[in-house]
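Worksheet: the structure to be examined is printed underneath.
The values are calculated or read from the model by the stated rules, or taken from the named source; none is laboratory data. Note that the coordinates shown come from a computational prediction; the quantities given were computed from them, not determined experimentally. Every residue, glycine among them, receives a Cβ derived from its backbone with ideal geometry; neighbour counts consider all protein chains shown. Surface accessibility is based on the protein's heavy atoms, side chains included, excluding ligands, DNA and RNA. Shrake-Rupley method; radii C 1.70, N 1.55, O 1.52, S 1.80 Å.
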Amino acid sequence: MSLMSPDVWQAKIRLAGWAAGAGGTRTVVEPATGDALGEIGVAGPADVAEAVRIGRTAQREWARAPYTERAAVLRRAGAAWEQHAAEIEEWLIREAGSVPGKAAFETGTAAQECYEAAALPAHPYGELLRSAEPRFSFARRLPVGVVGVIAPFNVPIVLAIRAVAPALALGNAVVLKPDPRTAVSGGAVLARVFEEAGLPDGLLTVLPGGADVGQALVTDPGVPVIAFTGSTSAGRAVAELGGRHLKRVHLELGGNSALIVCADADIPHAATVGAWGSFFHQGQICMATSRHLVHESIAEPYVRALATKADALPSGDPASGPVAVGPLIDAGQRDRVHEIVTGTVEAGATLRAGGTYDGLIYRPTVLADVPRAAPAHEREIFGPVAPVLTFSTLDEAAELAAATEYGLSLGILTRNVMNALELGERVPTGLLHINDQTVNDEATAPFGGVGASGTGARHGGPQANIEAFTDTQWVTMRDVPPRYPL
Ligand code: NAD
């Protein structure tokens, strides 16, 4: 039997802990064609409490199990991603509109996230402390209990697994709420992989559903930690609600990241790097290169090279053959992108490539002479659009790069890497890539934005994960109780 055939979704999700969807069912739609790919159960807010209850019960035993058992489950999950990569990638291509390279990046990263997480159970989990008293004093890290993970549609596997894998490895249970538009690739697939890996029942429950299910997760008293990835506006709502309920909320939010192209950059090479940053996965990446800040002396040849590249990129249904640019997720997202492009042209920018669409396929678009007050400079686009602005000094480049509320990623192309390093200290950003574009992610590296992009690095690498998904307990031990003067 195939890992992911529609007839096993319901049963397999149920095995992962979810008995009934209070939200009925939903048709899984292929954005490139509008075709129905199947039906999947949808959770409602009423499903959350039961999922959390099951998780809390299963978690106690899981936390007490030998660390080697948790490590083994994570290693087997890593192997399952590799074994079933082709089938899972097909779902990513059809349900999420991923081009094949992006789909392969997701399965490869998912395997790596699990392998990295497999090392966490063996990691030291505390430290011995000095005490002026005759006692043994130490701090230990304990699992928080049940972690709520809320993930978006754009990179549905990686943005879920980067929290799910370390949270499980560190002895927690997880309730995962994927975006309903990617309920199979961002939800059912994870449930099946962990089932195949032998994760005990109840530890992972997948609840595909809308914002109301997310809110129920944030307010449930049995969920002390929420890992949220999504838009800044939804992140604000989650943070407000979480604050009221005194939850620890990790936020990975939107971006408006800049690529600074210095005067000494190689122009054709820089245009290729910039094109990747803006057009990979149709620009639906939080770290996408959303603004190209180019030295005025090379701006025209850079724009020409970028526009030539944009015009040449094959776009269409990624399931139909080799394309570089696939569909946007839905009509709402496409209309938003088009409104930003037309609004930017009305504000005085020059359209040098693209600016049109066919169904959900938005042509790679290059906008030159973009004014600072234009929407393509001020707003997150989340589409295949490369706005270009110019600068004359590095001070001006730093000021422009920092001129939005976001702080996710920054790329700098230059032969003078020390200048770039110094520039990177002046721009608030969680990620800095010198001589690369802005889209980079590795399971071993701390990942997270500042400002309106989130609450800093909470994913990637043991330090961030242990901080994110465990609590610290101070413990003292004496032979006999002390005598108090009472
Ligand atoms: P979104 O915020 O609308 O939805 C993200 C998830 O949150 C979905 O599962 C959604 O159902 C849920 N949600 C929405 N409102 C909620 C609420 N009030 N309470 C609880 N849950 C709620 O995001 P989107 O527009 O679908 O996704 C794209 C956004 O995600 C972009 O802004 C992008 O930059 C951001 N993103 C950030 C990162 C990162 O790591 N920083 C990664 C990928 C995407």
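Here is a yes/no grid of residues against (1) modelled with pLDDT of 95 or more; (2) touching a Ser or Thr at 6+ places or on another chain (Cβ under 6 Å); (3) among the charged types (D, E, K, R):
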residue: VAL206; (1), (2), (3): no, no, no
residue: ASP212; (1), (2), (3): yes, no, yes
residue: ALA216; (1), (2), (3): yes, no, no
residue: GLY222; (1), (2), (3): yes, no, no
residue: VAL225; (1), (2), (3): yes, no, no
residue: SER231; (1), (2), (3): yes, no, no
residue: ARG236; (1), (2), (3): yes, no, yes
residue: ALA239; (1), (2), (3): yes, no, no
residue: GLY243; (1), (2), (3): yes, no, no
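So, in the range 288-316, of the ones that are under 22 Å from GLU95 (Cβ atoms) and not hydroxyl-bearing (Ser, Thr, Tyr), which residue ends up surrounded by the most Cβ atoms within 10 Å (Cβ to Cβ)? Of everything passing the filter in the range 288-316, ALA288 is surrounded by the most Cβ atoms within 10 Å (Cβ to Cβ). When the range 223-233 is limited to residues that are open to solvent by less than 40 Å² (accessible area, probe 1.4 Å) and not hydroxyl-bearing (Ser, Thr, Tyr), the one that is farthest from GLY456 (Cα to Cα) turns out to be VAL223.
The sole residue among ALA319, ALA324, ALA263, ALA258 that is in contact (Cβ under 8 Å) with a residue 24 or more places away in the chain and either within 16 Å of the ligand (Cβ to nearest atom) or open to solvent by less than 20 Å² (accessible area, probe 1.4 Å) (or both) is ALA258.
For the range 149-159, the condition of being within 12 Å of the ligand (Cβ to nearest atom), in a helix (DSSP H, G or I) and open to solvent by 10 Å² or more (accessible area, probe 1.4 Å) holds for at least one residue. Going by the conditions given, is ALA103 open to solvent by less than 50 Å² (accessible area, probe 1.4 Å) and under 30 Å from PRO384 (Cβ atoms)? Considered against the rule, which asks whether it is open to solvent by less than 50 Å² (accessible area, probe 1.4 Å) and under 30 Å from PRO384 (Cβ atoms), ALA103 comes out as yes. The residue list VAL189, VAL184 contains one member that is hydrophobic (A, V, I, L, M, F, W, C), more than 15 Å from the ligand (Cβ to nearest atom) and crowded, with 24+ Cβ neighbours inside 10 Å, which is VAL189. All but one of (1) open to solvent by 30 Å² or more (accessible area, probe 1.4 Å); (2) in contact (Cβ under 8 Å) with a residue 40 or more places away in the chain; (3) within 10 Å of the ligand (Cβ to nearest atom) hold for VAL213; state the number of the condition that does not hold. Failing condition for VAL213: (1). Condition check: more than 16 Å from the ligand (Cβ to nearest atom), among the charged types (D, E, K, R) and open to solvent by 10 Å² or more (accessible area, probe 1.4 Å). Does ASP220 satisfy that? No; evaluated as a whole, the condition is false for this residue. On the stretch given as the range 160-180, residues that are in contact with an Asp or Glu (Cβ under 7 Å, 6 or more places away or on another chain) and either within 12 Å of the ligand (Cβ to nearest atom) or not in a helix (DSSP H, G or I) (or both) total 1. In this structure, is GLY332 buried (at least 18 other Cβ atoms within 10 Å of the Cβ) and either of a type outside the set (Phe, Trp, Tyr) or under 21 Å from the mean Cα position of the chain (by Cα) (or both)? Considered against the rule, which asks whether it is buried (at least 18 other Cβ atoms within 10 Å of the Cβ) and either of a type outside the set (Phe, Trp, Tyr) or under 21 Å from the mean Cα position of the chain (by Cα) (or both), GLY332 comes out as no. Does ALA132 fit the bill of being assigned to a strand (DSSP E or B), in the same structural domain as ALA234 (by TED's automatic domain parsing) and open to solvent by 10 Å² or more (accessible area, probe 1.4 Å)? Judged against the criteria, ALA132 is not a match. Quick check on THR289: is it of a type in the set (Val, Ile, Thr) and either at pLDDT below 95 or in contact with a strand residue (DSSP E or B) (Cβ under 8 Å, 6 or more places away or on another chain) (or both)? Yes; evaluated as a whole, the condition is true for this residue.
When the range 439-459 is filtered for residues that are near the ligand (Cβ under 10 Å from one of its atoms), open to solvent by less than 40 Å² (accessible area, probe 1.4 Å) and in a loop (DSSP other than H, G, I, E, B), the ones remaining, listed by number, are ASP441, GLY448, GLY449. Given the condition within 14 Å of the ligand (Cβ to nearest atom), open to solvent by less than 30 Å² (accessible area, probe 1.4 Å) and at negative phi, answer yes or no: does some residue in the range 197-204 qualify? Looking for residues that are within 14 Å of the ligand (Cβ to nearest atom), open to solvent by less than 30 Å² (accessible area, probe 1.4 Å) and at negative phi, one finds none in the range 197-204, hence no. Taken across the range 339-354, residues that are closer than 24 Å to SER453 by Cα and open to solvent by 30 Å² or more (accessible area, probe 1.4 Å) do occur, with at least one present. Could you check, for the range 267-276, whether at least one of its residues is under 26 Å from GLU405 (Cβ atoms), surrounded by fewer than 24 Cβ atoms within 10 Å (Cβ to Cβ) and either of a type in the set (A, V, I, L, M, F, W, C) or under 25 Å from the mean Cα position of the chain (by Cα) (or both)? So far as the range 267-276 goes, yes, one or more of its residues are under 26 Å from GLU405 (Cβ atoms), surrounded by fewer than 24 Cβ atoms within 10 Å (Cβ to Cβ) and either of a type in the set (A, V, I, L, M, F, W, C) or under 25 Å from the mean Cα position of the chain (by Cα) (or both).
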